[in-house]
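Notes for the one structure printed next.
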Amino acid sequence: MRLMTGIFAAALMAATSSFPAKAAGPELSDWAAVEKAATGQTVYFNAWGGSENINAYLEWVGAEMQSRYGVSVVQVKLEDTASAVAKVIAEKAAGKNDGGSVDLIWINGENFVSMKQQGLLLTPGWASSLPNWAYVDVENQPTILTDFTEPTEGLESPWGGAKMVFFHDSARTEAFAMPDNATALLDWAKKNPGRFSYPAPPDFTGSSFLKQVLSEVIGAPSKLAKPVSEETFNADVEPLFAYLDQLHPAAWRSGKTFPQNYSDMKQKLADGELEIIFAFNPSEASAGIKAGELPETVRSFTFSKGTLGNTHFVAIPYNANAKEGALVTANFLISPEAQLRKQDPTYWGDPTVLAMSKLPEPDRAAFKALDLGAATLAPDKLGPVIAEPHASWMERIEVEWRRRYASGN
Amino acid sequence: MTALLPRSAVALTLGLLVLPITFGLLGTLLPAFGYLPALGGHDLSLQPFRDLAATPGLPTAAVLSVATGLAATLISLGITLIFVASYAGTPTLSRLQHLLSPLLAVPHAAAAFGLAFLIAPSGFLIRLVAPLFGIDRPPDILIPHDPMGLTMIAGLVIKETPFLFLVTLAALPQVELSAARRLAASFGYGRIAGFVYLLWPSLYRQIRFAVYAVIAYSSSVVDVALILGPNLPGTLATRLVQWMNDPDLSVRFLASAGAVLQLGVTLAGLLFWFVLERLAAVLLRASRERGWRFVRDQFLRRVSILVVGLIGGAVFAGLAILAIWSLAGLWQFPDLLPQSFTLRSWMSALPRIGDPLVTTLVTGFASTLLAILLTIGCLEREIQTGRSASQKALLMLYLPLIVPQITFVFGLQLLFIGSGGGEYRLTALVLVHLVFVLPYVFLSLADPWRALDRRYEIIATALGRSRLSVLVSIRLPMLIRPILTALALGFAVSVGQYLPTLLIAEGRLSTITTEAVALASGNNRRVIGVYALLQTIVPFLAFALLALIPSALHRNRREMRV
């Protein structure tokens, strides 16, 4: 037994004692050289794989990358982005500072902050040096430069926008009866017991709902832009949990269990189990109707005082094997062509991160011509954006939520 | 040469079973005690366990794991016992055997999804009765994910009963069934009581490792627990997977400590079972010595056949509902059938299953073939030495099934990355699958191998044939059918592997099963339908194809056809 321990420890030491991380990233000023170096590389793109239309979009990206740049892009389908982060951590733990298994990762918020703080990302910042960065809407979408109040510093490149939108089935419920803020939603839930719920955190749609409520009910919203203060945390979040304590008895299954995620809520809206659901992508309802998953009578609404919005990104780990390939892929993802297809509900329906004013005329016209579908609100009807709180809030709230509602007491 | 090969096969087999588990457990234990240099853990400490103890809801999760695991085992074994006791030696049994055998090839996740689609408040059963009661919305009932884990227990029972049933059937020829039946009947004992008094003790001794494997599996299962189990809080194993995927690196220590706790929880379950075994033995003796005959057991016999039929029916109906969902357009509650049918879900999935399918087939066949070769080597060695495997050797075989997967594959993953073996990923995957395939292949092939009449070989040897030539020209052809069955079973086991594939392949290689579970996280019933069916069809096809081979091979030998 001792011998075994010895062998194991030796193997672990040998693996971990190799040289520290080196930061010899590709030279971005010479883009042609980057493209040249990328040719023939294989980019392992770690992205949540739970949605068939997103997977299909990424397949199109793969085909385009192959034919245009000779880069093959392989989607590593994740259940949870955290597992890709965990993979990079495990590789760092094992001393694998080169030739890592993750080349590109679909990321934002807590996972980004976690990777940034642990030095797991390709440095120095590269996103603003991408040729297509010129089109990115940094002026009007503040969430592109600060991800959950954390400055992105070019360590991740924007890929799409997100905004919280609510859906109901107009065949079952009237549009005028829909609530216009979190408090009104609570009243509606009490009048319609068992017909509203939210996915249990850490599902990101569910966490977003908690943040939405917190942003509305917290005494001083400015606190959310800063890290959690230990002294006042309990008092700060008390209104949120008072809200949830009232909501749960009136919620679906009396708050004893929760939907798993957005897709689960979508199915429950179609079944009539839930009457109000919400998503972080305004075109989800139209996409659901098109796919035959939701009835054609589903419509969208938001809150007039604003709902949560953010941006999602792609990032490159420090030990990526195909750094150049990953850069060229990230650049392609923010090309007008790739973004247009991404916003088209036929394929995905995810809001673009590009500024219409910066695009060449034909591209702008193509974006204008997109048919977003009857269930999707026009961009000017989406209402104000409430910025994401600092990432530390979500971590603390998730722990607190779990302590209160998921510990079986 | 012919003597050396089998001997090295025995050594190799033992090594392949024991080493990965040992190293994997070490890779989990060291971080559990705070030792993982790369994450800043250089000293041994109890901090991870202190953190674990401070985790809210942990006792509930641990108790839930043991309780659901034991309950599922107890119910499955009870059903198996009463059914076999009632019908062993009758045509009913062999008829039901044909119904239940295919269930073994249905992956746990697919069976669990099927059950969920059947019994959920928006599921098919409620839709069936909805018009009678005027239900137009799914009732607000907490199924699945009920806090007591009853749905999860049901999900485990429908998969574990067929397993225990077939294991028991395999052991049945080794007891004197018809003599015991006659004896019990002539003294006026009921069918069930006579069977239990005379045959069950020795029968149970043969299947008990399989029972322990069911306890270990049920108390540490991840996929079934996620699909049907309680989630606030979930079972210990589901919490472990969350921690292993946590982006915060310090949680890795907690996860390792949790894995050690899982090992403890499973052991506690096994200990509790030992106590139950003793208790049952005492009760059995007492009841036998008092001469209780339990003559009126007809009702119980009828119930047992009903329950077994229900189990088979539930799995097959579940698969049928999965098939309908995979073809469904809009399908609202409480419609019995979709408003429209579409091939869209299949069309969008099919182009994407090529690579995972190839990986599944290559890994499955490679690991199964290796397992068959090693098994034949070991069994050949038995014949050479004249000693059959001891209980200790049998325990070794069951070790990968009794030590919870989650507690050692996590450590193996760390070791695999540490060794820089990225280029050998497929090899590593095959080897890890082999650990789990080998026991099933061995157990399935061992009895027919030992049962073959040795006089055929003695004659061949007397005619001057070498040992190898006897093996190739006499034994293997005569045993082709059980060999192919073992092959099909091993393949099905490999196809069903989720956690080892996920951790060792790291998403670089995906199989139908990892694909299915990843897509299930999207919770789209149509996509779940497609992948759960694919996951079921692949091993079924293997079974069907392999069943065709013997009749093709034995075209010219009438007596070998069955």
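Where a number appears in this text, it was derived from the coordinates with a stated rule and is not lab data. Predicted, not measured: the structure shown is a model, and the values here were computed from it. A quick note on method: Cβ atoms are made from the backbone with ideal geometry, for glycine too, and the neighbour counts reach across all protein chains shown.
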inquiry  = Which GluC sites (Glu not before Pro) in the range A:175-277 sit in a loop by DSSP (not H, G, I, E or B) and have at most 11 other Cβ atoms within 10 Å of their own Cβ?
reply    = A:GLU230, A:GLU231
request  = Within the range B:206-236, which residues have the backbone N less than 11 Å from the label spot 7 Å out from B:LEU284 along Cα→beta-carbon, could you tell me?
outcome  = B:206-208
request  = At a temperature of 37 °C and a viscosity of 0.692 mPa s, determine how fast the range B:233-372 diffuses translationally according to Stokes-Einstein, using the Kirkwood radius over alpha-carbon pairs as Rh; express D in µm²/s, rounded to the nearest whole number.
outcome  = 149
ask   = Among the aspartates and glutamates, which have Cα under 18 Å from the Cα of A:LYS305 when same-chain residues fewer than 8 positions away are ignored?
value = A:ASP180, A:ASP187, A:GLU216, A:ASP380, A:GLU388
key: Pairwise centroid distance, computed over Cα atoms, of the range A:296-358 with the range A:370-385, Å   = 16
key: Amide hydrogen neighbours beyond the local backbone of A:ILE386, cut-off 5 Å, H modeled   = A:THR307, A:LEU308, A:GLY309
query = Short version: ³J(HN,Hα) in whole Hz for each residue of the range B:448-453, in order, from phi by Karplus 6.51 cos²θ - 1.76 cosθ + 1.60 (θ = phi - 60°), x for Gly and Pro, what are they?
reply = x, 4, 6, 7, 4, 4
query = Rounded to whole Å and sorted largest first, what semi-axes of the equivalent ellipsoid does the C-alpha gyration tensor of the range B:276-330 yield via the square root of 5 times each eigenvalue?
reply = 43, 15, 5
ask   = Within 10 Å of each Cβ of A:256-262, how many other protein chain Cβ atoms are there on average?
value = 5
note = Each label sits 7 Å from Cα toward the beta-carbon; between A:ALA175 and A:ASP245 the label points are separated, in nm, by 3.8
ask   = Amide H to amide H under 5 Å from B:GLY41: which residues, 5+ apart in sequence or cross-chain, H placed 1.01 Å off N in plane?
value = B:LEU36
remark   = Residue by residue through the range B:104-119, the couplings from Karplus 6.51 cos²θ - 1.76 cosθ + 1.60 with θ = phi - 60°, in Hz, x for Gly and Pro, are 4, 7, 7, x, 3, 4, 5, 5, 5, 4, x, 5, 4, 5, 7, 9
ask   = What does the average come to when, for each residue of peptide A:48-57, you count the partner chain Cβ atoms lying within 10 Å of its Cβ?
value = 5
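Which FRET efficiency, nearest 0.05, do A:ASN140 and B:LEU553 yield, Cβ-Cβ r, R0 45 Å?
Working: r = 73 Å, r/R0 = 1.61.
Working from the Cβ atoms, E equals 0.05.
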key: 20 Å binning of all Cα-Cα separations within chain B, expressed as whole percents from 0 upward   = 19, 52, 27, 2, 0
note = Once both label points are put 7 Å beyond Cα along the C-beta direction, the A:THR39-B:LEU545 separation in nm becomes 4.0
inquiry  = Please list, in order along the range B:341-354, the HN-Hα scalar couplings obtained from phi with the Karplus expression 6.51 cos²θ - 1.76 cosθ + 1.60 (θ = phi - 60°), rounded to whole Hz, x for Gly and Pro.
reply    = 10, 8, 8, 4, 4, 5, 4, 7, 8, 4, x, 9, 9, x
ask   = Taking the Cβ-Cβ separation of A:ARG68 and A:GLN117 as r and a Förster radius of 41 Å, what is the calculated FRET efficiency to the nearest 0.05?
value = 0.70
note = Per-residue ellipticity at 222 nm attributable to helices in chain B (runs of n ≥ 4 DSSP H, -39500 (n - 2.57) apiece, nearest 500 deg cm²/dmol) works out to -24000 deg cm²/dmol
key: Of the DSSP H helices in chain A, those whose Cα atoms cover at least 27 Å axially and whose Kyte score averages -0.5 or more   = none
Radius ratio Rg over Rh of the range A:331-399, counting only Cα atoms, Kirkwood formula for Rh = 1.09
message = Can you give me the long-range amide H partners of A:LEU354? Hydrogens built in the peptide plane at 1.01 Å from N, cutoff under 5 Å, separation of 5 or more residues or another chain.
response = A:ASP137
note = On the formula 1/(1 + (r/R0)^6), with r taken between the Cβ atoms of B:ARG205 and B:ARG50 and R0 of 45 Å, the FRET efficiency rounded to 0.05 is 0.60
note = Magnitude of the Cβ-charge dipole (Lys and Arg +1, Asp and Glu -1) of the range A:72-201 about the Cα centre, nearest 20 debye, reported as 420
message = Explain nothing, just the number: dipole magnitude of chain A about its Cα centre with +1 on each Lys and Arg Cβ and -1 on each Asp and Glu Cβ, in debye rounded to the nearest 20.
response = 640
ask   = Which whole number of Å³ per residue matches the convex hull of the alpha-carbon atoms in the protein assembly as shown?
value = 191
key: Most positive-pole-ward Cα, B:VAL265, B:LEU401, B:ALA110, against dipole of the protein assembly as shown from beta carbon charges   = B:LEU401
remark   = Given the candidates A:ALA225, A:GLY206, A:ILE277, the one whose Cα lies deepest towards the positive end of the charge dipole of the range A:195-294, counting +1 at each Lys or Arg C-beta and -1 at each Asp or Glu C-beta, is A:ILE277
task = Could you list B:GLU160, B:GLU457 in order of exposure, starting from the residue whose Cβ has the fewest other Cβ atoms within 10 Å?
result = B:GLU457, B:GLU160
Listed residue pairs exceeding 19 Å between alpha carbons, taken from A:LYS87/A:LYS116; A:LYS77/B:LYS159; A:LYS163/A:LYS342 = A:LYS77/B:LYS159
ask   = Could you give the dipole magnitude of the protein assembly as shown about its Cα centre, charging the beta-carbon of Lys and Arg +1 and that of Asp and Glu -1, in debye to the nearest 20?
value = 5060
remark   = Given the candidates B:VAL435, B:LEU509, B:GLY529, the one whose Cα lies deepest towards the positive end of the charge dipole of the range B:433-554, counting +1 at each Lys or Arg C-beta and -1 at each Asp or Glu C-beta, is B:VAL435
